[in-house]
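Read the structure below first, then the notes.
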Amino acid sequence: MQSGKSVFAGIVGILASTFFPQAPTWAATIRDDQPASGYLDLANNQEFAPVGKFVNSWGYTGCATLIAPDWILTAAHNLTAASSGTFTINGNSYTSSQLISHPGWNGNAFNGYDIALVRLSASVAGVAPATLYTGSLEFGQTATYVGFGFTGTGLTGWQSLDNQKRAFQNVIDGQFGNPSLILGGDFDNPHTTADNGFGDATPLTLEGCVAPGDSGGGVFLNFDSQFYLAGVISFVAAADGNANADYGDVSGFGRVSAFAPWIVSTVPEPSVLTLVGLSILGACFNRQRNRAIK
């Protein structure tokens, strides 16, 4: 197994084609020895219905997750140079009325602030918002990543775009120098252990990797039979310098738990009441508004 440090030394992000070898993220690559239908079926789980497509004003395509009736959570780099955006979910499209990137965002995904909020011009109908994860038990958990766009296999890397929603699973076992803000996992190869960079080399049945366009999509954890939004997909990275989402590449995401206070303080009432439990709301409002939710 390679060390986390050696993997990190070679990883590359997905922000723009002017940086290192990289790819913007759309949908997911999958195992070559598993049927694609499994990944499509997983994505159709009602728990992942809050994930939709987000296209900014100049056409950059990513994803976002509905976290309140009129608010979505996405990657900050999806808003780069954008004046507006459109969120499409459940067959309907909603325009933005406000774009808010985290104040710590500086264009470098590895700093861990690749997260943004978008207010919609109207409330989304027919889809229940995701519930934010505010705990600290992400590491070692099996996560489900959800997005749209390009796909391929671990042998080929990303190849084609069919605009279908896919989901894959991976154990959160990767750290990138700033684990308080960003985590992830590598795409283990079922044919060899040579591509393993983090944790156990045995892949999950529906293991995969984020690929160009998944940026801003959701990373979900299941605790006590309830799914929580635990991450915002940020980058795909590679130890070999070619971040094409093949075996051995790494899916990186921003930790929702680290940004929950900022999210709650930014989203106004009554929308904020749908985000998280009353305990975190009380703590956030005590700090931000000097009062607690009773």
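Derivation of every value follows stated rules applied to the coordinates shown; laboratory data play no part. Treat the numbers as computed from the prediction; the structure is a model and nothing was measured. Heads up, the Cβs are rebuilt from the backbone with ideal geometry, glycines too, and the neighbour counts pull from every protein chain shown.
Shape of region 81-142 from the C-alpha gyration tensor: oblate (a/c of 1.5 or more and a/b not above b/c, with a ≥ b ≥ c the square roots of its eigenvalues). For region 33-189, the percent of C-alpha pairs falling in each 10 Å distance bin, counted from 0 to the bin holding the largest distance, reads 10, 35, 40, 15, 0. How would you classify region 105-173 from its alpha-carbon gyration tensor, with a ≥ b ≥ c the square roots of the eigenvalues: rounded for a/c under 1.5, else prolate if a/b is greater than b/c, otherwise oblate? Rounded shape, in that the Cα axes give a/c under 1.5.
Computing Rg and the Kirkwood Rh from the Cα coordinates of region 132-257 gives a ratio, Rg/Rh, of 0.94. Rg over Rh of region 176-250, using C-alpha atoms and the Kirkwood radius, what does it come to? Rounded to two decimals, Rg/Rh equals 0.97. In order along region 42-58, phi translates into HN-Hα couplings of 4, 5, 7, 4, 4, 5, 9, 4, x, 7, x, 8, 10, 10, 7, 5, 10 Hz, rounded to whole numbers, per the Karplus curve 6.51 cos²θ - 1.76 cosθ + 1.60 with θ = phi - 60° and x for Gly and Pro. The packing ranking, built from the mean of other Cβ atoms within 10 Å per residue, places the peptides 168-175, 33-40 in the order 168-175, 33-40, highest first.
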